[in-house]
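Scroll down for the structure; my scribbles are underneath it.
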Amino acid sequence: MKKSTGRAPSQPAVLPPPSRVVIGKVDPEIDGGRFPIKRSVGERVDVGARIFADGHDVISGVVRYRHLEDEDWCEAALEELANDRWRSSFQVTELGEYAYTVQAWVDRFKSWRRDLRKKLDAGQDLGVELLVGAELVAKAADRATGQDAAHLQGVAARLRSQAKSDAAGAAALALEASLAALMEKYSDRGLGATYERELRVVVDREKARFSAWYEMFPRSCSPTPGHHGTLRDCIGMLSYVAEMGFDVLYLPPIHPIGSTNRKGKNNNPVGSQGDLGSPWAIGGAEGGHKTIHPQLGTMEDFHVLVAAARSHGLEIALDIAFQCTPDHPYVKEHPEWFVLRPDGTVQYAENPPKKYQDIYPLNFESERWRELWEELRSVLDFWIEQGVRIFRVDNPHTKPFSFWEWLIAGIRQEHPETIFLAEAFTRPEVMYRLAKLGFNQSYTYFAWRNGKWELTEYLTELTRSEVREYYRPSFWPNTPDILTEYLQTGGRPAFMARLVLAATLGASYGIYGPAFELCENRPLRWGSEEYLDAEKYEIREWDRERVDSLRSLITRVNQVRRENPALRSNEGLTFHHVDNEQIIAYTKATEDLSNIILAVVNLDPHHTQSGWLELPLEQLGIDAHQPFQVHDLLDDGRYIWNGPRNYVELNPHKLPAHIFRVRRRVRTERDFDYFM
């Protein structure tokens, strides 16, 4: 028997009953809401959910969204699809972060209106039903204000008064679309449900989604052969880069290079007198990450370069490599930021069997880690003050995830326009984690995907799975560290094919030039992806006016990218069947199908390949019984195709690719046909 406490039992609180609505499987939702999705200004966020309730009542719902700097929520009505699946969308219009969630409720008025229509069609008595409806409208009037409240009160009164005398007229009034709209506006959500999490969207500027990068070593920009180039010399190269249609000029590290253990030419671990060393070996007697290499110039020269680039429609992107040479000031001033070995020496970088004696990695697990993190944050703050808003980050996967999440969040809070490109050629989950925690773009495995099945499988993963919500790929056919076997052995046709693939498969791509446009394909040794006479370790003299340069093709491809909205996004990429494994074909299309681009590429750099291409004409909005035109935007050729199956042939030594604009046949009122 329960012992009495001598106190009167407390009265239970008056609480509303639990909601009957269940909301689940909201998408996009990354790792249970742990990470945000990504969009750029002007893009749409499509939100889906599974929503249901007991019984047969009608459900209404909305996606609620707001910029985090706004207090008020905006709403977009959810549309029911099938099997309890619902979907809606909203547009993001400002930089920064948005929150979004889903709310749903049993809609008594819609349920009543549905049943009223059925009873009206069945000829049943509506007297009581109309009184029920009048009560629902009257309650909505209590929630409304101004003219809306007065109108709803009037409707409720008419429903009551006509319930017996003119049931048909009252039913017609109840079923009016204008009343439905007002009742939806003031719907009773008192027993509704809201999804348990507020999810987030990080909104970047367009260049985080759509950009063309050109990488260039300032040391090789001097107009005088054999002389070390300067930042001022780079100004003379801006027209060359801008005229090819690039919008980001990426410079490898521009800081002092250490002399201790400096690498020699061709990555020789033992340097000789006069060797320049690798720009990624940062730090010397002149300074560290906030200093410019004296042979490149001064901070004033850098400011002039940034301004001049801007006048050419270019943005300067800088390399951020958080590592030091033995000569970096950090080593002497903060030895606690490095790993000391038992013999008292500092641990240099290794990736056995490779050794990087010219580089000391920072110890992010140091007891003084907080001071280290703050100092590295100050490096980015410094360059932002100098006008830089785009950073290519070297090897971010070798630093803690928590560091990058903290660093990027802090930078973006003050400078949401900042863009970070992750140079992380590592395991997929690591690359994806870096993207989730803040990197706007990432290098990919594209350089090593050469076969049709490889490209199709990889691009399907990047554009059709959840990955597309947070991982923005940047396709690079070459870099100063990557000269693939395909480029080494395929000659000029290989470079042309990889250019078209990189520039049309992805909205963002880049090349390391002028090695790319001049088809530099000499490896250090067979089986190596390092360049012979690599620019990483010496000045290179480039004949940019060579007649076999791909400069004009690159210019045309970038022009095509700018002029066709379908290529400004990774959305809408669809692969199509060709009965030849050496030919890959795919379309990109805007949502309204007003712009359809069909790329067809010969993956064999040595031989002419042909085949029959099949297109899903209905999906592309093309009448299968009418001819349509494909306009090659590379050579201006125009072809009339009929039906879904058409013949293609590509000679790699002439041009290994088509970039077609697909134009539908249109007939005017005067029976004049043209292709649109």
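A few points about this structure:
- Hits in the stretch 379-417 (condition: touching a residue at least 60 places away in the same chain (Cβ under 8 Å), part of a helix (DSSP H, G or I) and not aromatic (F, W, Y)): V379, L380, R412
- Number of the exception - I235 against (1) under 30 Å from T555 (Cα atoms); (2) at pLDDT 95 or above; (3) touching an Asp or Glu at 6+ places or on another chain (Cβ under 7 Å); (4) not aromatic (F, W, Y): (3)
- Given (1) surrounded by 16 or more Cβ atoms within 10 Å (Cβ to Cβ); (2) among the hydrophobic types (A, V, I, L, M, F, W, C); (3) closer than 24 Å to I292 by Cβ, index of the condition F382 fails: (1)
- Residue within the stretch 90-97 that is small (G, A, S), open to solvent by 10 Å² or more (accessible area, probe 1.4 Å), within 25 Å of G61 (Cα to Cα) and at pLDDT 95 or above present: no
- Some residue of the stretch 154-176 being closer than 24 Å to R64 by Cβ and open to solvent by less than 10 Å² (accessible area, probe 1.4 Å): no
- Subset of the stretch 188-246 (residues that are of a type in the set (K, R) and either closer than 16 Å to L305 by Cα or part of a loop (DSSP other than H, G, I, E, B) (or both)): R189, R197, R205, R209, R219, R232
- Screening S278, S222, S259 for residues that are open to solvent by less than 20 Å² (accessible area, probe 1.4 Å) and of a type in the set (S, T, Y) leaves exactly one candidate, S278.
- Picking from residues in the stretch 343-360 that are free of Cβ contacts under 8 Å to residues at least 24 places away in the same chain and of a type in the set (D, E), the one that is farthest from L376 (Cα to Cα) is D343.
- The stretch 98-121, subset hydrophobic (A, V, I, L, M, F, W, C), over 31 Å from the mean Cα position of the chain (by Cα) and modelled with pLDDT of 95 or more, residue nearest to Y186 (Cα to Cα): F109
- Selection over the stretch 116-141 of residues that are closer than 17 Å to E176 by Cα and open to solvent by less than 100 Å² (accessible area, probe 1.4 Å) gives a count of 15.
- Residue match in the stretch 316-328 (condition: open to solvent by 20 Å² or more (accessible area, probe 1.4 Å), part of a helix (DSSP H, G or I) and either at pLDDT 95 or above or of a type in the set (V, I, T) (or both)): no
- Pair list, Cβ under 8 Å, 6 or more apart: the stretch 204-216 residue open to solvent by 20 Å² or more (accessible area, probe 1.4 Å), other residue in a strand (DSSP E or B) and β-branched (V, I, T): R205/I419; K207/V248; K207/I390; K207/I419
- Qualifying residue in the stretch 668-676 (condition: aromatic (F, W, Y) and free of Cβ contacts under 8 Å to residues at least 24 places away in the same chain): yes
- Apart from one condition, N363 fits all of (1) of a type outside the set (K, R); (2) open to solvent by less than 40 Å² (accessible area, probe 1.4 Å); (3) touching a residue at least 60 places away in the same chain (Cβ under 8 Å); (4) on the phi < 0 side of the Ramachandran plot; the exception is (3).
- Any hit, the stretch 545-566, residues being open to solvent by 10 Å² or more (accessible area, probe 1.4 Å), basic (K, R), within 27 Å of D275 (Cβ to Cβ) and more than 32 Å from the chain's Cα centre (by Cα): no
- Within the stretch 428-460, the residues that satisfy the criterion of being without any contact (Cβ under 8 Å) to a residue 12 or more places away in the chain and either within 26 Å of P480 (Cα to Cα) or under 14 Å from the mean Cα position of the chain (by Cα) (or both) are P428, E429, R449, E454.
- Filter result for the condition that a residue is in contact with a His (Cβ under 9 Å, 6 or more places away or on another chain), modelled with pLDDT of 95 or more and not aliphatic (A, V, I, L, M), over T298, T291: T291
- Failed criterion for H293 (all others in (1) free of Cβ contacts under 8 Å to residues at least 40 places away in the same chain; (2) surrounded by fewer than 22 Cβ atoms within 10 Å (Cβ to Cβ) hold): (2)
- Here G313 meets the list (1) crowded, with 18+ Cβ neighbours inside 10 Å; (2) under 30 Å from E243 (Cα atoms) almost entirely, failing just condition (1).
- Residue pairs meeting the criteria (Cβ under 6 Å; at least 6 apart or on separate chains; first under 18 Å from D166 (Cβ atoms), in the stretch 121-140; second open to solvent by 40 Å² or more (accessible area, probe 1.4 Å) and in a helix (DSSP H, G or I)): G127/K164; A134/R160
- Residue count, the stretch 567-611 (criterion: in contact (Cβ under 8 Å) with a residue 24 or more places away in the chain, open to solvent by 10 Å² or more (accessible area, probe 1.4 Å) and charged (D, E, K, R)): 5
- Residue within the stretch 508-519 that is open to solvent by 20 Å² or more (accessible area, probe 1.4 Å) and either among the aromatic types (F, W, Y) or without any contact (Cβ under 8 Å) to a residue 40 or more places away in the chain (or both) present: yes
- Meets criteria (of a type in the set (A, V, I, L, M, F, W, C), crowded, with 24+ Cβ neighbours inside 10 Å and modelled with pLDDT of 95 or more) for L524: no
The values are calculated or read from the model by the stated rules, or taken from the named source; none is laboratory data. For clarity, every value in this text was computed on a predicted model and none was experimentally measured. Neighbour counts are summed over all protein chains in view; Cβ atoms, including those assigned to glycine, are modelled from backbone coordinates with ideal geometry. SASA here: full protein model, heavy atoms, side chains in, ligands and nucleic acids out. Shrake-Rupley method; radii C 1.70, N 1.55, O 1.52, S 1.80 Å.
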